[in-house]
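Undergrad: Here it is, the structure, as structure tokens.
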Amino acid sequence: MKKLWKIVAFMFVSIVLVACGNTGGGTASSSTESGTGTAEGKTYNVGVAIYKFDDNFMTLYREELAAYFKKLGEETGNKYVLDIQDGKQDQATQTEQINNFINQKKDVILANLVDPTAAGAIINLAKAAEIPVVLINREPEVAELEIWPGKTTYVGADATQSGTFQGEMIAATSNKGDINGDGTVNYITLFGDPANVDAQQRTAFSVKALDDAGIKKEALAEPYLANWDTAKGQEVTAAALEQFGNKLEVVFANNDGMAVGAVTAIEAAGRKVNEDIYVVGVDAIPDAINLLEKGRLTGTVLNDHFNQSHTAADVAVKLMNGEDAEAYYWINYVKVTKPEEAELKPATAKTETTEAIKVRYAERDKALNN
Ligand code: GAL
């Protein structure tokens, strides 16, 4: 009898321990098998600072980010309250918005900085308040990610790759970009924005890919600053067409917005894309895909806002659960010469440490200077 009582007592203690384990272990949600039978999620406050709302690519990104957080909320029972701010391309405005996030004690901050050189100051502020930071779209210096390792991270796409893809698409045309057959590819570049790594790397690596393919090339002018903007892209291309006429064979646009503007200018000047001039962009925004479908754009590169935003949200959730993040999460670009190649499908990010990236970037810079 005594023995039986001991067994019953042991079983009771075991059941209590299992129940405690179930409730105590969960960080994000106290929903399942807590023994109380109630399913209740947690509320998380997420501050999102966007460099400016009036940007084609970042609008796609922002909308997908909000949709994905909503889906995560529905799946987990948690509530993700997003506070998305428009930095209006002004770092002072954005710093104020991020300061507000800090005062409001947000659980995490996602920042698409106006000026990536502000990353250090922002990370220091967030660190003092113990709020993790996910930087997106505008890559900071490696050293900035070493200020608060594990709690700051960059989620993006490697701009070098997008530039290389642009050059490779030109090299893959029937006349390798040399439309007038004079042995040299004469090109112009439409430049996004000087403080932006994407603009710098795309500018350098698009033409490096021509070199690597053994193609002789010559810039007709210094890169035209066009601020990622369609109207500006159109304006500078129109001026270049007037100045260089049929000499101009290739337009490398740092993004699709400017490429679309270039196509408008080219057609207004009575020229035909893919017959007497090539134009390549980056992003795969709907306007560019439309042109591509009609043969009025040579190519673009998918800047995968879908997987970049999902990864940024997943990493933010990880950080809000108290876990550490890797320094870098990379989503691949995709070469697009046919509309179907721009299709969005789930992909896994590649991670990288700050040590590894320093080695890779040193090699990259060496290759560029050779
Ligand atoms: C780039 C994108 C541009 C612009 C820029 C903003 O990745 O290609 O269109 O959105 O980001 O930083």
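Taken together, the values in this text are just the output of simple stated rules run on the coordinates, not laboratory data. Source: prediction; values computed, not measured. Cβ placement follows ideal geometry from the backbone for every residue including glycine, while neighbour counts extend to all protein chains displayed.
Undergrad: Grab every C-alpha pair in the stretch 230-370, bin the distances at 5 angstrom width from 0 up to the longest one, and report whole percents.
TA: Spelled out bin by bin, the stretch 230-370 gives 2, 9, 16, 15, 13, 13, 12, 10, 6, 3, 1, 0 percent.
Undergrad: Starting from the Cα of LYS88, draw a straight line to each of the lysines and keep only those under 26 Å, dropping any in the same chain fewer than 8 residues away.
TA: LYS52, LYS70, LYS105, LYS106, LYS127, LYS232
Undergrad: Can you tell me the order of 47-55, 156-164 when each peptide is scored by its average per-residue count of other Cβ atoms within 10 angstrom, highest first?
TA: On the way: 47-55: 20.9, 156-164: 23.6.
Answer by packing, highest mean first, reads 156-164, 47-55.
Undergrad: Kindly state, to the nearest 0.05, the FRET efficiency for ASN175 paired with PHE244, given R0 = 25 Å and r defined as their beta-carbon distance. Spell out each step's value before the answer.
TA: Working: r = 18 Å, r/R0 = 0.72.
Approximately 0.85, to the nearest 0.05.
Undergrad: A further question on this structure: Over the stretch 110-214, with a single point scatterer placed on each C-alpha, what log10 of the ratio I(q)/I(0) does the Debye formula yield at q = 0.16 1/Å?
TA: -0.73
Undergrad: Here's another thing I want to ask about it. Select from the chain the helices, each a whole stretch of DSSP H, whose alpha-carbon atoms run 20 Å or more along the helix axis and whose Kyte-Doolittle mean is at least 0.5; answer none if there are none. All intermediate terms of the calculation are to be shown ahead of the outcome.
TA: Details: long enough: 2-25 (34 Å, 1.18); 56-76 (30 Å, -0.56); 197-212 (21 Å, -0.44); 230-244 (21 Å, -0.11); 305-320 (22 Å, 0.00); 354-369 (22 Å, -0.93).
Counting only whole DSSP H runs, the qualifying helices are 2-25.
Undergrad: Still on this structure, please answer the following. Treat every Asp and Glu Cβ in the stretch 180-252 as -1 and every Lys and Arg Cβ as +1, leave all other atoms uncharged, and give the resulting dipole magnitude about the Cα centre to the nearest 20 debye. Walk me through the intermediate numbers first.
TA: Numbers: 6 positive and 11 negative charges, 24 e Å.
Roughly 120 debye for the stretch 180-252.
Undergrad: Can you list the aspartates and glutamates whose alpha carbon is less than 16 Å from that of LYS366, not counting same-chain residues fewer than 8 positions off?
TA: ASP211, ASP212
Undergrad: If you take the Cα Rg of the stretch 38-77 and divide it by 2.2 N^0.38 Å, with N the number of residues, what do you get?
TA: That works out to 1.46 for the stretch 38-77.
Undergrad: Just to confirm the filter: which GluC sites (Glu not before Pro) across the stretch 320-370 are DSSP coil and have at most 13 other Cβ within 10 angstrom of their Cβ? All intermediate terms of the calculation are to be shown ahead of the outcome.
TA: Details: sites: GLU323, GLU326, GLU340, GLU341, GLU343, GLU352, GLU355, GLU363; in loops: GLU323, GLU326, GLU343.
Those satisfying the criteria are GLU323, GLU343.
Undergrad: Follow-up question, since we're still on this one. For the chain, take every pair of Cα atoms, bin their distances at 20 Å starting from 0, and report each bin as a whole percent.
TA: Result, from short to long distances: 27, 47, 18, 5, 1, 0 percent.
Undergrad: Further, regarding this structure: With only Lys, Arg, Asp and Glu charged, each at its Cβ (+1 for the first two, -1 for the last two), find how big the charge dipole of the chain is about the Cα centre; round to the nearest 20 debye.
TA: On the way: 35 positive and 52 negative charges, 283 e Å.
Roughly 1360 debye for the chain.
Undergrad: Classify the stretch 158-274 from the C-alpha gyration tensor, please: rounded if a/c falls under 1.5, else prolate or oblate depending on whether a/b exceeds b/c. Walk me through the numbers before you get to the answer.
TA: Working: a/c = 1.74, a/b = 1.01, b/c = 1.72.
The shape class here is oblate.
Undergrad: Starting from the Kirkwood Rh over alpha-carbon pairs, what translational D in µm² s⁻¹ does the stretch 318-361 have by Stokes-Einstein at 37 °C and 0.692 mPa s?
TA: 250
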